[in-house]
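Written out below as structure tokens is the structure these notes cover.
The values are calculated or read from the model by the stated rules, or taken from the named source; none is laboratory data. Worth saying up front: this structure is predicted, and the values here are computed from it rather than measured. As a convention, Cβ positions derive from the backbone with ideal geometry for all residues, glycine included, and neighbour counts pool all protein chains shown. Heads up: the accessible areas ignore ligands, DNA and RNA and are worked out on the full protein's heavy atoms, side chains in. Shrake-Rupley method; radii C 1.70, N 1.55, O 1.52, S 1.80 Å.
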Amino acid sequence: MYGSLVWKMAREAVGRARYFRAGLSAAGTREVAAADRTPGRDSPDLNSFAFRTHTCGELCATHIGQEVRLCGWIQYKRQGLFIILRDFAGLIQIIVPQEEEMSTGNIEVQMQHAEVLNRCQKLPFETKELVKKSEALRMQYRYLDLRSSQMQSTLRLRSQMVMRMREYLCNLHGFVDVETPTLFKKTPGGAKEFVVPSREPGKFYSLPQSPQQFKQILMVGGLDRYFQVARCYRDEGSKPDRQPEFTQIDIEMSFVDQLGIRKLVEGLIEYSWPQEKGYIAIPFPSMTYQEAIDTYGVDKPDTRFGMKIIDISEVFRNTEISFLRDALSLSRGVVRAILISEGVKFLKKRDLEHLTKLAKAQFNQDLTYFVLPPLDTWKPPLAKILTTVEQSQLCHKTNLTKDDVLLFAAGDHAKVNAALGKLRLECANVLESRGVALRDPSTFNFLWIVDFPLFLPKEERPEEYESAHHPFTAPHPDDTHLIYTEPGKVRSQHYDLVLNGNEIGGGSIRIHNKELQHYVLESILKEDSGLLLHLLKALDSGAPPHGGIALGLDRMVALAVGASSIRDVIAFPKSFRGHDLMSNAPDFVSPEELSPYHIKVHWPTEIHEDSTNS
């Protein structure tokens, strides 16, 4: 039923028939002929240089009497009388000439001549929104999935956002678009890098995680303002919001502080945000890292709903309850809770048991919950566990009322916060599955997180440090003196941009002093500074104060359109395992092809046999 067709020399419909239009098309909303339009930013000429005179989605009553030439795919046929033609802009009904006129509809295209440009075999699925398809099938036949109105709309919206970003940065603020190398070298710290062989024995390129070093060097070189729609690579497992190759809007400026960067980014997002997604209010609110952790349990909080973490340590400061007393005796021991208002109506016993198991499995954290009965009376076992004073203080501290559920955990503050942060989101999922509206998908809450720690203890060796952001991040001006004595207490000039609980950007003011950068690498992070000798030399050549940010384009677009995964906003994404299911990449390379790169592969027997036979 599908094929590429051209409809030529149609004329005004003799009768009246139903007129179909669907999809997103700027031209389709304008009641003027294509030939009468002057191309511009608001009304691009979609038909220039093509066979067609119009798109399927733009025809309207204004075009009655004109001859039009249409190109597209047959969506379906009806009764041998009508053909529905589809292109990226929408659908149009074509009437096959009959002797009798029809009496319905406003406009249709009556066929005078049709030319079949190509035919196709039976497709694995129909290009209709209501036809359910697995993600694997969609990726295997991506060229068919791209025909869907959702993918067409998303990729065009993405293109429009990028164009607006370019306008804002280049035309309004004088940024220079500079391409940086894809073949680079191994760099210390951060995510794992993809390795690319060279023809020199034992020497390899690495694909850059980001253009971080290059953009700093561009500042040393006096470019002053740089940006790039940059391809980045990380050899990590895929997640819904991450895959091996992704795209960043990469930005760097000289002679700037973090408030300047934040103001620039706020204006950039306001300028490029799709109008149909609503107004974006600036400036964005900000929150310190510690406040985010203490209040939401995560450094990328979703502020569209409450259920904040409440510190109830003082309620149990003199408690006789042994496990609470033991927790508060720790150096950083706390008792904290989250309140689910009217939780009794929505949370079943199995839900509470699931939350308890989740806290134990993921955080090795015990969880306790209280349910206040409808009559506001404390009954056993609560009445036996808590004293009257503790009951009163707990209600006052948490605003606990009838039918509420209180989840609380006790222990080390970091573990407690992390567990309750996870449980807060898990509770939101459960409540929404029961019909409670918590997170409005049409609301976009942007939030800056600032004052991150500069260094964090390594998980496997807590006595050693790693960078919380990356090793080029400058310390907070008020904490610089601590870097030589108490590096664990130093705050950084690192800032993240969060949207609805997702990190969509991260940046910092950079270290522009060679001696400080060398000390951080060698003395604190225990990294080989020789790998960064080129950067250290550049910093020693009169580097200006500078800073920047990288915005995750894929993630931002996914959130804007409500996609569940960034794979839905990338034309040719990789699977969860990092595979291209359409082309079957990565693929085997023969020993002969590997020979110039001085690489020898130890093949597992079954793989070697398969590759030899193929």
- Extension reserve of the residue 388-residue 229 stretch, reckoned as 0.36 nm per residue once the Cα distance is removed: 51.1 nm
- Message: If you take every residue apart from residue 215 with its C-beta less than 13 Å away from the C-beta of residue 215, what net charge results, scoring Lys and Arg +1 and Asp and Glu -1?
- Response: -3
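Ranked highest first by average number of other Cβ atoms within 10 Å, how do 191-199, 275-283 line up? All intermediate terms of the calculation are to be shown ahead of the outcome.
Details: 191-199: 13.2, 275-283: 11.2.
Most protected by this proxy first, the peptides run 191-199, 275-283.
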- Mind checking the per residue accessible area of the chain for me, 1.4 Å probe, whole number of Å²? 52 Å²
- How far apart, in nm, are two points set 7 Å out from the Cα along the Cα-to-Cβ line at residue 518 and at residue 67? 7.9 nm
- Query: How large, in Å, is the chain by the Kirkwood hydrodynamic radius built from its alpha-carbon pairs?
  - Reply: 29.0 Å
- Item | Nearest-20 debye value, the stretch 398-554 charge dipole, Cβ charges on Lys, Arg, Asp, Glu | 240 debye
- Task: Please give the peptides 501-508, 79-86 ranked by average Cβ packing (other Cβ atoms within 10 Å per residue), highest first, as a rough proxy for protection.
- Result: 501-508, 79-86
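In terms of solvent-accessible area of protein heavy atoms at a 1.4 angstrom probe, what is the ranking of 149, 590, highest value first? All intermediate terms of the calculation are to be shown ahead of the outcome.
On the way: 149 60, 590 35 Å².
Reading off the accessible areas and sorting them downward yields 149, 590.
Can you give the charge dipole size of the stretch 104-181 about its Cα centre, rounded to the nearest 20 debye, using +1 on the beta carbon of Lys and Arg and -1 on the beta carbon of Asp and Glu? Display every interim value, and only then the final one.
Details: 12 positive and 9 negative charges, 65 e Å.
I would put it at about 320 debye.
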- Farthest towards the positive end of the dipole of the chain, among 152, 474, 315 and with Cβ unit charges of +1 on Lys and Arg and -1 on Asp and Glu, lies the Cα of 152
- Task: Show 303, 187 ordered by accessible area, largest first, where the area counts protein heavy atoms only and the probe is 1.4 Å.
- Result: 303, 187
- Given charges at Cβ of Lys, Arg, Asp, Glu: the stretch 199-315 dipole, positive-most of 246, 264, 281: 246
- Query: What are the lysines whose alpha-carbon lies under 20 Å from the alpha-carbon of residue 77, with same-chain residues fewer than 8 places away excluded?
  - Reply: 8, 122, 128
- Note on the structure: Ranking 187, 338, 80 by how far each Cα lies towards the positive end of the charge dipole of the chain (+1 on Lys and Arg Cβ, -1 on Asp and Glu Cβ), the top one is 80
- Using 0.36 nm per residue of separation minus the Cα-Cα distance, give me the extension gain between residue 182 and residue 280 in nm, one decimal. 31.9 nm
- Virtual paramagnetic centre 7 Å along Cα→Cβ of residue 255, amide N under 17 Å, in the stretch 186-224: 218-224
- Structure shown: which of 349/402; 308/415; 348/422; 133/348; 192/489; 277/300 lie over 25 Å apart, alpha-carbon to alpha-carbon? 133/348; 192/489
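What is the extension gain from residue 120 to residue 585, computed as 0.36 nm multiplied by their sequence separation minus the C-alpha to C-alpha distance, in nm to one decimal?
So the chain would gain 164.9 nm between residue 120 and residue 585.
Carbon and sulfur atoms: what percent of the 1.4 Å accessible area of the chain do they account for?
Numbers: 16450 of 31780 Å².
Reported share for carbon and sulfur atoms: 52 percent.
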- Item | CD proxy at 222 nm, helix term only [per DSSP H run n ≥ 4: -39500 (n - 2.57); per residue of the chain; nearest 500] | -7000 deg cm²/dmol
- Query: Each residue of the stretch 463-471 in order: what ³J(HN,Hα) in whole Hz does its phi give by Karplus 6.51 cos²θ - 1.76 cosθ + 1.60, θ = phi - 60°, with x for Gly and Pro?
  - Reply: 6, 10, 10, 9, 6, 6, 10, 8, x
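Let me know the charge dipole size of the chain about its Cα centre in debye, to the nearest 20, where only the beta-carbon of Lys, Arg (+1) and Asp, Glu (-1) is charged. Please report the intermediate quantities before stating the final value.
Numbers: 74 positive and 78 negative charges, 270 e Å.
My answer is approximately 1300 debye.
Counting Lys +1, Arg +1, Asp -1, Glu -1, what net charge surrounds residue 75 among other residues with beta carbon under 11 Å of its beta carbon?
Values: positive: 77, 78, 86, 128, 147; negative: 87, 126.
Residues close to residue 75 contribute a combined charge of +3.
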- Task: Calculate, for residue 440 and residue 528, the FRET efficiency according to 1/(1 + (r/R0)^6) with r their C-beta to C-beta distance and R0 60 Å; round to the nearest 0.05.
- Result: 0.75
- So, by mean Cβ neighbours within 10 angstrom, what's the order for 246-252, 365-371 with the highest one leading? 246-252, 365-371
- Which aspartates and glutamates have a Cα lying under 12 Å from the Cα of residue 458, excluding residues fewer than 8 positions away in the same chain? 466
- Item | With DNA, RNA and ligands ignored, accessible area of residue 257 (1.4 Å probe; Å², nearest 10) | 90 Å²
- Query: So which lysines pass the test for residue 215, namely a Cα distance under 18 Å, with those fewer than 8 places away in the same chain ruled out?
  - Reply: 185, 186, 514, 537
